[in-house]
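Beneath this line is the structure, given in structure tokens, with notes to follow.
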Amino acid sequence: MGRLIAGYGVSHTAMMIRKNRLDNHVHQSVHRAFAQVREEVEKLSPDLLVVVGSEHLKSFGYDAFPQICIGIGDTCEGWADGGLAAARLDLAGDYAGQLLSAGIDAGFDLAFSVNPRLDHGFMAPLVLIRPEMDIPVVPIFQNASTEPLPPLRRSAELGRLIRAVTEQRPDEERVVIIGTGGLSHWVGTPQMGQVNSEFDELFLARVRDGDLEGVVDMTMSDVVAQGGNGAPEIRNWVTVMSARQGKGTVLAYEAVREWATGIALARLFPEGVDEPAT
């Protein structure tokens, strides 16, 4: 059967790339953590990456806005939004198709997009984690911005579906899953630029403890009130946490107000990956 060999949660903003300053130690703390994830993924040598992200009204609009959408087909391409360069990636279409079918069978009302376009929520982390863009991906869009927002438990159920499908895959297929987004940030409001480190640290404490129940018990209204209208993107981390539960390792956290986001990276599983020499 296939194997989920590692899972990560990483924040996304194109400003990590567009507004990165080499003389800023906070910025470089974030980039060192991304470099660590990049090195780990290189060593793990996965056959494909499942990337769980959110949509920012680029691929979908209010005429048709899915709660969960699976990217299927042969290729996917970046929108080149936020100052990022355009890029084209191979899509792991066989896995994506099986995930879509299994999800429907399991009672998920999944949407699909053939050869989808990917915005910065997907592309900014991929640029930093796998700039070669040579590992096939399965993009999964989760609604984290547009009411009504599903409860976090639905995102946890999605993670368990991904695990089940992976275990049904051919022998030795190696899968890394990455959840992108968050933490606290406000988008297009008078509070934009603020970061609630207290909210972020509480969430990361639950990541460290592997306390999935403590996370999914949070209501969307509480998440938005404390972490801003961008904080529901933590649902993408929840999907990864539930795919293979255990204690996580936080690799970096910085309240980067010039990037308007509480930025974090964590290895959600497995524990025991060799840390780089210091």
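To the nearest 500 deg cm²/dmol, what mean residue ellipticity at 222 nm is calculated for the chain from DSSP H runs of n ≥ 4 alone, each contributing -39,500 (n - 2.57), summed and divided by the residues?
Taken over the chain, the calculation gives -11000 deg cm²/dmol.
By the scheme Lys and Arg +1, Asp and Glu -1, what is the net charge of all other residues having a beta-carbon under 13 Å from that of D217?
-1
Can you give the FRET efficiency for Y62 and T189, using 1/(1 + (r/R0)^6), R0 = 30 Å, r = Cβ-Cβ distance, to the nearest 0.05?
Given R0 = 30 Å and the Cβ-Cβ separation, E is 0.95.
Modelled label-to-label distance, D94 and A111, 7 Å Cα→beta-carbon offset: nm?
Inter-label distance under the simple model: 2.9 nm.
Convex hull over the Cα atoms of the chain, averaged projected area in nm²?
Its Cα hull, projected and averaged over all orientations, spans 13.4 nm².
Tell me, what HN-Hα J-couplings in whole Hz come from the Karplus equation 6.51 cos²θ - 1.76 cosθ + 1.60 at θ = phi - 60° for each residue of region 68-85, using x for Gly and Pro?
Values, residue by residue: 9, 9, 9, x, 10, x, 10, 9, 9, 9, x, 6, 6, 8, x, x, 7, 6 Hz.
Express the carbon and sulfur contribution to the solvent-accessible surface of the chain as a percent, rounded to the nearest whole number, probe 1.4 angstrom.
Ligands and nucleic acids excluded, carbon and sulfur reach 49 percent.
Amide H neighbours of L84 under 5 Å, at least 5 residues apart or on other chains, H built in the peptide plane: list them.
Placed amide hydrogens put nothing under 5 Å from L84.
Compute, for E77, the solvent-accessible surface of its heavy atoms (probe 1.4 Å) with the complete set of protein chains present, and express it in square angstrom to the nearest 10.
60 Å²
Hey, what do the phi angles of region 45-59 turn into as Karplus ³J(HN,Hα) couplings, whole Hz, using 6.51/-1.76/1.60 and θ = phi - 60°, x for Gly and Pro?
6, x, 7, 7, 10, 8, 10, 9, x, 10, 9, 10, 6, 9, 7
Could you pull out every residue, at least 5 positions away or on a different chain, whose amide H is within less than 5 Å of the one on T261? Hs are placed 1.01 Å off N in the peptide plane, and Pro or chain starts have none.
Amide H neighbours of T261: V256.
Could you report the chain's accessible area per residue, 1.4 Å probe, as an integer in Å²?
41 Å²
About the Cα centre, and with charges only on the beta carbon of Lys, Arg (+1) and Asp, Glu (-1), how big is the dipole of the chain? Nearest 20 debye, please.
Dipole about the Cα centre, nearest 20: 300 debye.
Using modelled backbone amide H atoms (1.01 Å from N, in-plane), which distant-in-sequence or interchain residues come within less than 5 Å of L118's amide H?
So L118 has HN proximity to E77, G78, W79.
So what J values fall out for region 116-133 if you push phi through Karplus, 6.51 cos²θ - 1.76 cosθ + 1.60 with θ = phi - 60°, rounded to Hz, Gly and Pro as x?
x, 9, 10, 8, 4, x, 9, 6, 4, x, 5, 4, 8, 8, 9, x, 5, 6
Along the Cα→Cβ direction, 7 angstrom out, place labels at A205 and E172. What is the inter-label distance in nm?
4.5 nm
Would you list, by chain and number, the aspartates and glutamates whose Cα falls below 12 Å from the Cα of K43, excluding same-chain residues fewer than 8 positions away?
D274
Test of understanding: what is the full-extension gain from S197 to R160, defined as 0.36 nm times their sequence separation minus their Cα-Cα distance?
Additional length available on full extension: 10.4 nm.
Can you give the accessible area of E173 in Å² (nearest 10), computed on protein heavy atoms with a 1.4 Å probe?
Near enough 30 Å² of accessible area.
The values are calculated or read from the model by the stated rules, or taken from the named source; none is laboratory data. In this text, all values refer to a predicted model and were calculated from it rather than measured experimentally. Virtual Cβ from ideal backbone geometry, glycine too; neighbours counted across all protein chains shown. The protein model used for the area step is the full one, side chains on, heavy atoms only, and it has no ligands, DNA or RNA in it. Shrake-Rupley method; radii C 1.70, N 1.55, O 1.52, S 1.80 Å.
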